[in-house]
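Please read the structure below before turning to the comments.
The values are calculated or read from the model by the stated rules, or taken from the named source; none is laboratory data. Keep in mind the model is a prediction, meaning the values are calculated, not measured. Positions of Cβ are generated from backbone atoms using ideal geometry, with glycine treated the same way; all protein chains shown enter the neighbour counts.
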Amino acid sequence: MREILSDLKRWHRQGERFALARVVDLEGSGPRLPGAAMAVTEDGEVAGSVSGGCVEGAVVAEALEVLASGDRRIVTFGYSDDEAFAVGLTCGGTIHLFLEPVDGSTWEAIEQLEGHWSQDLPCSLVTVIEGPGTGAKMIVQPDGWETSGTLGDEGLDRVATRDARGELAAGRSGVRHYGPHGEAREEAVQVFVESFAPPPQMLVFGAVDFTAALVRVAKVLGFRVTVCDAREVFATKKRFPLADEVVVDWPNRLLDQVGSSLGPRDAVCVLTHDNKFDVPAIVSALETAVGYIGVMGSRRTHENRLERLTEAGVDAAGMSRLRSPIGLDIGARTPEETAISIVSEIIALRTSRSTRALSATDGPIHD
């Protein structure tokens, strides 16, 4: 929803009536993930996309009906070989959308979200999409922070808050089912938890040629990238203009400062292949909850590094967290190809998916 916020604000200022459609669930392949949003005004102006063009025309029609009736509803689009010319996803998947008119309470929730977004604060928007209180909303923040709004029942609020915080920590969005009072294993109430987490972080240690390429690729994937090197002559903003931050310091000292903020979605990439930099950086990275620790170097360098890490007190469990030599084995040679192999490994590790070619696998492309 963040990508269409400027249009929503403009329409609101102009007094336009509009409906909001959000992807809340996906089965099989689909071009947009849960949380993808599209809005339609009463005059048919459109902002955003929920399928990359496959079903947008039908969504406009549904949105206009929602504006006319004031209803909130779940709408499903899929593909059938028997109805090849029917509205649906050509990729063969099924998407479930939640459509609602943007009234006063919904707009209030959007304004609260904007306040959190402007400060880069993590939060989740929890919406009842089916059952008693459809359309009710609650904004949930991490543990220790306030929750605003209600889903209409104290027990439901409590359980949904707990689950939303878990989804927020993992950066996931999805549907949850409960009983009317938050009971487990019941389906009287469907709730959509939409997580808005700050961008994942990537710390790149070593101001080398491979670093510039990795920064470029990581930024395309939405990472907030910090480049760190103790050598002032190499660690400059001029050499790495796309980096969000360039730090002149020893890697372990930077990790001592920011390590507590690293989580499963984040990555540490050590590209220096010099033990006096690498070993302290790896030891400090292993003390964090970072999801990916990749270390550049040949196999001989890796074996030597393992000896130095053992001397530094790193145990077998710590060693198993290292991805070294860094990246997937795709035959990469240039800095750009190596950068792609690194981010591919990060994605594969995060999703727990096979690294074989899709053409050599069976089953669904998307989980």
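The figures follow:
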| read-out | value |
| --- | --- |
| Top-ranked residue in segment 136-153 [being in contact with a His (Cβ under 8 Å, 6 or more places away or on another chain) and farther than 16 Å from GLU186 by Cα; ranked as surrounded by the most Cβ atoms within 10 Å (Cβ to Cβ)] | ILE139 |
| In segment 213-242, the residues that are outside any loop (DSSP other than H, G, I, E, B), touching a strand residue (DSSP E or B) at 6+ places or on another chain (Cβ under 8 Å) and of a type in the set (Gly, Ala, Ser) | ALA218 |
| Contacts under 7 angstrom Cβ, first residue in segment 94-108 being under 16 Å from LEU5 (Cβ atoms), partner among the small types (Gly, Ala, Ser), 6 or more apart | VAL102/ALA19 |
| Filtered residue count, segment 336-352, keeping only those that are farther than 26 Å from PHE240 by Cβ and either in a helix (DSSP H, G or I) or in contact with a Ser or Thr (Cβ under 9 Å, 6 or more places away or on another chain) (or both) | 1 |
| Segment 63-94 - residue that is under 28 Å from the mean Cα position of the chain (by Cα) and at pLDDT 90 or above and, of those, surrounded by the most Cβ atoms within 10 Å (Cβ to Cβ) | ALA63 |
| In segment 283-335, residue surrounded by the most Cβ atoms within 10 Å (Cβ to Cβ) [restricted to those that are among the acidic types (Asp, Glu) and in a loop (DSSP other than H, G, I, E, B)] | GLU287 |
| Search result, residues across segment 129-165 that are under 29 Å from GLY263 (Cα atoms), touching a residue at least 40 places away in the same chain (Cβ under 8 Å) and either more than 19 Å from the chain's Cα centre (by Cα) or outside the structural domain of GLU187 (by TED's automatic domain parsing) (or both) | GLY149 |
| Unique residue being more than 29 Å from the chain's Cα centre (by Cα) and among the acidic types (Asp, Glu) when the list is GLU307, GLU287 | GLU307 |
| Any hit, segment 18-39, residues being at pLDDT 95 or above, closer than 25 Å to ARG172 by Cβ and not aliphatic (A, V, I, L, M) | yes |
| In segment 175-200, residue nearest to SER344 (Cα to Cα) [restricted to those that are at pLDDT below 95 and touching an Asp or Glu at 6+ places or on another chain (Cβ under 6 Å)] | PRO200 |
